[in-house]
Amino acid sequence: MKTSIIGYPRIGNLRELKFASEKYFRDEITVADLEKTAKDIRAYNLNLQVKSGLDFIPSNDFSFYDGVLDTAFLLNVIPERYTALGLSKLDTYFAAARGYQGEKGDVKALAMKKWYNTNYHYMVPEIDDGTEIRLVGTKPFELFSETLDSGVKTKPVIIGAYTFLKLARYKGNKKAVDFIESTAAAYSELLKKFRDLGAEWVQFDEPSLVMDMNTDDIRLFTVLYEKILSNKGSIKVLVQTYFGDVRDCYKELCKLDLDGIGFDFTEGKRSLELVRKNGFPQEKTLFAGVVNGKNIWRNNYASTIITLSELEKFAHDIVINTSCSLLHVPCTLANETKLEERFKKHLAYAEEKLSELAELKRITDAHCPSETEEYRRNSALHSEPRSGGNEAVRKKVADLTEKDFIRLPEFAEREIIQKEKFGLPLFPTTTIGSFPQTADVKAKRSAYRKGEISASDYEFFIEKKIAECIALQEEIGLDVLVHGEFERNDMVEYFGECLEGYLFTEKAWVQSYGTRCVKPPVIWGDISRAKPMTVKWSTYAQSLTEKPMKGMLTGPVTILNWSFPREDITLRESALQIALAIREEVLDLENNGISIIQVDEAALREKLPLRRSDWREDYLDWAIPAFRYVHSGVKPETQIHTHMCYSEFADIIKDIDDMDADVITFEASRSDLTILDVLKENNFRTEVGPGVYDIHSPRVPSKDEIKAAINKMRERINDNKLWINPDCGLKTRGNEETVPSLKNLVNAAKEARNENS
Ligand code: GLN
Ligand code: ZN
């Protein structure tokens, strides 16, 4: 069997592309320097893939910012506001990616959205009635030729026509169907160009085929491809799907004049069943996604071989493939110098996944696969008992019953008790938790981590910051205070480091968007709370003020969703283990006099399944209970807050109310407050603080502007349920804008109160 990958990480082993791009943005290096870094990364990756013996090596998986944006530029889907700036080609591209503010004009970036069920984000192409889709870009051809010059005939990778049209945002009256002709023509021309350049295969990525598809969608897809493939000639076309199964269009897909189809057998729950039931066209190549492109565990060869041999019953020609692009895993284990070998041997990042593919190839080619050295070694690894088990935790999770997820008394009764206890004014004001992480905070943490200052010096510094932060909030006149989260680098990593069961990596960076990378911690064993994590800071903060101090925690679903999860136990089980630990912290805070506790679920939507029919059973049925379990043990008078980053929760609004928090704050300002209608229509019961201003921008909102937002909220939300707060944590902001913004916020709330009395 041959081997293939769908794409490779492009940021570089040590994030070279990120650093070079940021320098370029700051005008510290020239465009030639940036191009050189990019070229070096591509050459390095190419060499690595050649050396590993990979048969299908992708090209055009490189991007300076994002692959969807690249496709938009390839197809002339470039809003005029960017071309009008009169910048170079690359700078126009960066203007669309990041916005532009300078002598040539002032334009915002394109919208950015989550890439399916990953933590990667793509730029949303904008199509209006005047958009003329045609092939104008050259990048895929240049990158193909670049590899050809190195003597390698690669498989160019392009976002497919269907997915591209589905992801675009339509600004005018025209819809995707109105662009079928032009889009198909552009893709046909692209195939012709590749044929002329001597390419053998072209890969079209079509992840949108794993989403729910109605008959119009299926039609759009088939019509597009019938046209694109109608005169493809000798070039071979692979349609590559990932992140799920293609249950809605399997038959249509198989009928097309394609040469290869790629399915995901890792996340595609029904992929194997679809092949079994419908068969697979004999003349086509099946690209079998059996090596997980999203997680960092070593492949289990025994079960992979079972899948492959099952597929062999149906498909004539099989290529061993990754389940999705390796973009979603870190580059190489080689730079993990601190991780012990006993853990490391269980991990595979992108580079190690290349070796896995090579090993699987040797195994499948062997006469007797299970007799091969590679197979034996892998079986031995997977049969080793895994360390990190915690029987007590497992038992607690197993013993949970219905009533553990129910907080009593009911919300309505608690609301009365809490109003009485806290005696807060109408429209109470608060913040989401973090205050500006200024240079001094970052410098001190870094010095502490390097061992340059002692733990007590560091703690003394944090206490000083907390005291300043409280004095500031009292001066501003906020009602419910926070300690400022100065001790945290990141809302998930901080808890990961405090919890038992986590592994920490050094260089395991994964691109989140553009130049931004994240380093998700790894869940290795059963999770438990070894010691209090936040109690010291919160109680210290409370001791400095008469006002209520909000304890700040990250919730179990968010911690899980922003980590690399285990695969030997279910996500549900991991979520409940984390919930157990966070619950202990909640109760500990309560025992220590903290009477308002916020449990952030910023990433609640992150792993919501792509198909609606899977939402409940596969996700919400355990995610919502995990959150409920965190706070079901507190006293009626303890007030539980939660926070979410997106207002995109209209479709799960009931589930969010069902989390049974007492107060929820969320981002609303950027969505023009449309979420307010949804709250009203659904009789949302939880008290709410829809952010009154956008903290993602350095702009200072005026008092009147905030007042106007409050008035708009009051039209939809009962006065007694409305909280006033910014839309997210302030950690990325500076004090210069934070202080005046919060003062305006407090004054706007006061004005609203006075008008009311
Ligand atoms: N409490 C966190 C903070 O204020 C919440 C961050 C978030 O929602 N992403 O920073
Ligand atoms: Zn947020």
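The values are calculated or read from the model by the stated rules, or taken from the named source; none is laboratory data. Predicted, not measured: the structure shown is a model, and the values here were computed from it. Neighbour counts run over all protein chains shown; Cβ positions are idealised from the backbone, glycine included. The accessibility values were calculated without ligands, DNA or RNA, using every heavy atom of the protein model including side chains. Shrake-Rupley method; radii C 1.70, N 1.55, O 1.52, S 1.80 Å.
Summed over segment 1-41, the residues that are at pLDDT below 95 and closer than 30 Å to ILE261 by Cβ give a count of 0. Looking at LEU135, LEU74, LEU54, just one residue is farther than 22 Å from ARG10 by Cα, more than 25 Å from the chain's Cα centre (by Cα), open to solvent by less than 40 Å² (accessible area, probe 1.4 Å) and modelled with pLDDT of 95 or more, and that residue is LEU135.
If you go through segment 680-702 and keep only what is surrounded by fewer than 16 Cβ atoms within 10 Å (Cβ to Cβ) and polar (S, T, N, Q), you end up with ASN682, ASN683, SER697, SER702. Among the residues that make up segment 443-451, is at least one of them within 16 Å of ligand 1 (Cβ to nearest atom), touching a residue at least 40 places away in the same chain (Cβ under 8 Å) and open to solvent by 30 Å² or more (accessible area, probe 1.4 Å)? Checked segment 443-451: no residue is within 16 Å of ligand 1 (Cβ to nearest atom), touching a residue at least 40 places away in the same chain (Cβ under 8 Å) and open to solvent by 30 Å² or more (accessible area, probe 1.4 Å).
The residue pairs whose first member lies in segment 185-201 and is closer than 16 Å to TYR225 by Cβ, whose second member is open to solvent by less than 30 Å² (accessible area, probe 1.4 Å) and among the β-branched types (Val, Ile, Thr), and whose beta carbons are closer than 6 Å, counting only pairs six or more residues apart or on different chains, are ALA186/ILE133; TYR187/ILE228; SER188/ILE228; LEU191/ILE235. Looking across PHE435, PHE486, one residue alone is open to solvent by less than 40 Å² (accessible area, probe 1.4 Å), within 16 Å of ligand 2 (Cβ to nearest atom) and among the aromatic types (Phe, Trp, Tyr). It is PHE435. Of all residue pairs spaced 6 or more apart or on separate chains, those with beta-carbon atoms under 7 Å, a first member in segment 361-384 that is open to solvent by 60 Å² or more (accessible area, probe 1.4 Å) and a second member that is acidic (Asp, Glu) are ARG362/GLU374. Could you tell me which numbered condition GLU352 fails, if it satisfies all but one of (1) under 30 Å from ARG628 (Cβ atoms); (2) charged (D, E, K, R); (3) out of contact with any Gly (no Cβ under 9 Å at 6 or more places or on another chain)? GLU352 satisfies every listed condition except (1).
Within segment 191-218, track down each residue that is under 21 Å from VAL177 (Cα atoms), touching a Ser or Thr at 6+ places or on another chain (Cβ under 9 Å) and open to solvent by 70 Å² or more (accessible area, probe 1.4 Å). Selection gives ASP212 alone.
Answer with yes or no whether ILE597 is open to solvent by less than 30 Å² (accessible area, probe 1.4 Å), closer than 30 Å to THR545 by Cβ and either assigned to a loop (DSSP other than H, G, I, E, B) or not basic (Lys, Arg) (or both). Criteria met by ILE597.
When you check PHE144 against the structure, is it touching a helix residue (DSSP H, G or I) at 6+ places or on another chain (Cβ under 8 Å), over 20 Å from VAL202 (Cα atoms) and of a type in the set (Phe, Trp, Tyr), yes or no?
Criteria not met by PHE144.
Say we look at segment 240-291 and pick out the residues that are of a type in the set (S, T, N, Q) and over 19 Å from VAL157 (Cα atoms); which of these is surrounded by the fewest Cβ atoms within 10 Å (Cβ to Cβ)? Once the filter is applied, the top-ranked residue is GLN282.
Let's see how each residue does on (1) farther than 20 Å from LYS155 by Cα; (2) free of Cβ contacts under 8 Å to residues at least 40 places away in the same chain; (3) among the charged types (D, E, K, R):
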{"position": "SER4", "(1), (2), (3)": "no, no, no"}
{"position": "GLU22", "(1), (2), (3)": "yes, no, yes"}
{"position": "ASP27", "(1), (2), (3)": "yes, yes, yes"}
{"position": "ALA32", "(1), (2), (3)": "yes, yes, no"}
{"position": "SER52", "(1), (2), (3)": "no, no, no"}
{"position": "VAL77", "(1), (2), (3)": "yes, no, no"}
{"position": "PHE94", "(1), (2), (3)": "yes, no, no"}
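Set side by side, the residues ASP129, ASP106 differ, and just one is assigned to a loop (DSSP other than H, G, I, E, B) and not polar (S, T, N, Q), which is ASP129. Kindly list, by first and then second residue, each pair from a residue in segment 546-562 that is under 23 Å from LYS607 (Cβ atoms) to a residue that is open to solvent by 10 Å² or more (accessible area, probe 1.4 Å) and hydrophobic (A, V, I, L, M, F, W, C), limited to pairs with Cβ atoms under 6 Å and residues at least 6 apart or on different chains. Final answer for the pair search is THR554/MET491. Of everything in segment 703-755 that's assigned to a loop (DSSP other than H, G, I, E, B), under 22 Å from HIS641 (Cβ atoms) and open to solvent by 10 Å² or more (accessible area, probe 1.4 Å), which residue is nearest to ligand 1 (Cβ to nearest atom)? Among them, the one singled out is GLY729.
Conditions (1) more than 16 Å from ligand 1 (Cβ to nearest atom); (2) within 15 Å of SER538 (Cα to Cα); (3) crowded, with 23+ Cβ neighbours inside 10 Å; (4) not hydroxyl-bearing (Ser, Thr, Tyr), marked per residue:
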{"position": "ASN592", "(1), (2), (3), (4)": "yes, yes, no, yes"}
{"position": "ALA602", "(1), (2), (3), (4)": "no, no, yes, yes"}
{"position": "LEU620", "(1), (2), (3), (4)": "yes, no, no, yes"}
{"position": "SER632", "(1), (2), (3), (4)": "yes, no, no, no"}
{"position": "THR642", "(1), (2), (3), (4)": "no, no, yes, no"}
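For TYR458, the conditions (1) in contact (Cβ under 8 Å) with a residue 60 or more places away in the chain; (2) farther than 24 Å from GLU737 by Cβ; (3) among the aromatic types (Phe, Trp, Tyr) are fulfilled apart from (1).
Residue pairs whose Cβ atoms lie under 8 Å apart, sitting 6 or more positions apart in sequence or on different chains, and linking a residue in segment 691-706 that is within 20 Å of THR732 (Cα to Cα) to a partner that is open to solvent by 70 Å² or more (accessible area, probe 1.4 Å) and of a type in the set (S, T, N, Q), are ILE695/THR732; HIS696/THR732. Here is the figure for segment 544-573: residues that are polar (S, T, N, Q) and crowded, with 24+ Cβ neighbours inside 10 Å total 3. Checked against (1) closer than 19 Å to ILE523 by Cα; (2) over 30 Å from the mean Cα position of the chain (by Cα), ARG376 meets all criteria but (1).
Restricted to segment 600-691, the set of helices (runs of 4 or more DSSP H) holding at least 2 residues that are farther than 29 Å from LYS421 by Cβ and either in contact with a Ser or Thr (Cβ under 7 Å, 6 or more places away or on another chain) or not aliphatic (A, V, I, L, M) (or both) comprises 612-615, 621-631, 675-681.
List every residue pair whose Cβ atoms lie under 9 Å apart, where the two residues are 6 or more positions apart in sequence or sit on different chains, the first residue falls within segment 390-401 and is more than 19 Å from TYR502 (Cα to Cα), and the second residue, located anywhere, is of a type in the set (Ser, Thr, Tyr) and open to solvent by less than 60 Å² (accessible area, probe 1.4 Å). Note: pairs meeting the criteria are LEU400/TYR629.
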